[in-house]
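Trainee: Once you've had a glance at the structure underneath, I'll fire off some questions.
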Amino acid sequence: MMPFTFSKVNAVIRAVRMSRQRQVAAARMVALEESNSLLQDQARKLEHQTNEARELAHELALTNEELRAVISEAKKAWAAADSANRSKAEFLTVMSHELRTPLNSIGGYVDLLEMELRGPLTGAQKADLARIKRSQEHLLGIINDILNFTRLEATELKYDIIDVPLRALIGDLEAVVSSLARAKSLAYQCDPPPGNTYARADPDKLRQILINLLSNAVKFTPEGGRIRLSCTFKGESVSIHVEDNGPGIPSNKQALVFEPFVQLDRGLTRTNEGTGLGLAISRGLARGMGGDIGLRSEVDVGSVFTVTIPITPRL
């Protein structure tokens, strides 16, 4: 048996050490290969994402060009529509003047005849003149409605917003509404607001809105019915309610009443005259003053139209 010398021990140790080094080197090589493979995968993914980003950027550039073209066309269409609107407003202004002048002359001559300045009239002649006067006033009303609506569409109306004493304005309407109500045997109740209430509004346009709503209430409420005007307050606004117990409006048609030229009674035998512009004009005027008009209605119960207008804050 060979003696186990130190040289042999050293040789064994070196062999073991070299074996371990080779194992470590092999493990490092495997790890490097895995890391390199992972980096290559990531590089391929990054290249793919870069290509996708380039494609998206190209598509975005095309979309932006298309969007700019659409905006340009929309601006042209808007300018053309605005020009057409103004041309329509100018045309209707001229036409309304041309129509109102002879209609006013007709009314003036009717007044002269009714005063019997040309000689006495028979009862039948007076009745005929009254019908002529009603027709003349009706035509003037239609012309004024169309003109006002056209001005609203063309945003040509000017508003003189001031602090309006609401109680006084509503009180001024009572004489007119009461006479209309009495002619149909309607009961008219007015619950005015406190005397220190001031609406932020154009007084003429607010008066026009209320007269229209009250006239509609008289028109659509059957004889023996009732009409009521009242006010409620919420925050910095006042709501003026015009209530009637007329036939009411079905829920599926309530939005239509504010559309221009719409009348729910469209038949050839309809009994109520008008262009169907009154509520559209009233809503436009209310919105032009920072307010609005709403509607609650129930068939066979009645309707409540509500004008909401800002008020002057109380000190």
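Trainee: How much length is gained if the chain between F233 and V94 is pulled fully straight, taking 0.36 nm per residue apart and subtracting their Cα-Cα distance, in nm to one decimal?
Mentor: Fully extending the segment from F233 to V94 adds 45.8 nm.
Trainee: Specify the residue with the greatest mean-square fluctuation among T232, T197, T122, computed from a Gaussian network of the chain linking alpha-carbon atoms under 10 Å apart.
Mentor: T122
Trainee: Quick one: P(r) of the chain from all Cα-Cα pairs, 20 Å bins, percents rounded to integers, in order of increasing distance.
Mentor: Bin by bin from 0 Å, the calculated values are 21, 36, 15, 9, 8, 7, 4, 1, 0.
Trainee: Is there a quick way to get the dipole size of the chain? I mean about its Cα centre, with the Cβ of Lys and Arg at +1 and of Asp and Glu at -1; what is the value in debye to the nearest 20?
Mentor: That gives a dipole near 1600 debye.
Trainee: Within the accessible area of the chain, what % is carbon and sulfur when the probe is 1.4 Å and the other protein chains stay in place?
Mentor: Carbon and sulfur together cover 58 percent of it.
Trainee: Divide, for the range 138-204, the radius of gyration over alpha carbons by 2.2 N^0.38 Å, where N is the residue count.
Mentor: 1.44
Trainee: Right, something else. Efficiency by 1/(1 + (r/R0)^6): what FRET value for R182 and D82, r their Cβ-Cβ distance, R0 = 51 Å, to the nearest 0.05?
Mentor: 0.65
Trainee: Give me the number: length gained by fully extending V301 to E259, i.e. 0.36 nm times residue separation minus the C-alpha to C-alpha distance, one decimal in nm.
Mentor: Once the chain is fully extended between V301 and E259, it gains 12.8 nm.
Trainee: Also, I was wondering about something else. So what's the net charge close to P310: Lys and Arg +1, Asp and Glu -1, counting the other residues with Cβ under 9 Å from its Cβ?
Mentor: Combined, the nearby Lys, Arg, Asp and Glu give 0.
Trainee: Relative to the present Cα-Cα distance, how much length would full extension add between A43 and T312 at 0.36 nm per residue of separation?
Mentor: Answer, rounded to one decimal: 89.9 nm.
Trainee: Turning to a different aspect of this structure: Take the Cβ-Cβ distance between S35 and V12 as r, set R0 to 30 Å, and report the resulting FRET efficiency rounded to the nearest 0.05.
Mentor: The calculated FRET efficiency here is 0.30.
Trainee: If you don't mind, another one. To the nearest 0.05, what FRET efficiency results for E223 and I71 with a Förster distance of 51 Å applied to their C-beta separation?
Mentor: Using R0 = 51 Å, I get an efficiency of 0.30.
Trainee: Counting other Cβ atoms within 10 Å, keep those with at most 13, restrict to DSSP loop, and tell me which GluC sites (Glu not before Pro) in the range 37-136 are left.
Mentor: E116
Trainee: Hey, rough spin-label estimate for D160 and C190, points 7 angstrom out along Cα→Cβ, what's it come to in nanometres?
Mentor: Result: 2.2 nm between the two label points.
Trainee: Taking springs between alpha-carbon atoms closer than 10 angstrom, which of L213, L67, L152 fluctuates most in the Gaussian network model of the chain?
Mentor: Comparing L213, L67, L152 in a Gaussian network model of the chain, the most mobile one is L67.
Trainee: How much accessible area per residue does the range 53-209 have, in Å², with a 1.4 Å probe?
Mentor: About 65 Å² of surface per residue is accessible.
Trainee: Could you tell me which of the pairs K75/K205; K219/K253; K205/K234 are separated by over 24 angstrom between their Cα atoms in the structure shown?
Mentor: Cα-Cα > 24 Å for K75/K205; rest within.
Trainee: Using a 1.4 angstrom probe on the protein heavy atoms only, line up Y159, Y188, Y109 by accessible area, largest first.
Mentor: Y109, Y159, Y188
The values are calculated or read from the model by the stated rules, or taken from the named source; none is laboratory data. All of these numbers come straight from a predicted model, not from anything done at the bench. For neighbour counting, all protein chains shown are included, and Cβ atoms are generated from backbone atoms with ideal geometry for every residue, glycine included. What goes into the accessible areas is simple: the full protein's heavy atoms, side chains included, and nothing from ligands, DNA or RNA. Shrake-Rupley method; radii C 1.70, N 1.55, O 1.52, S 1.80 Å.
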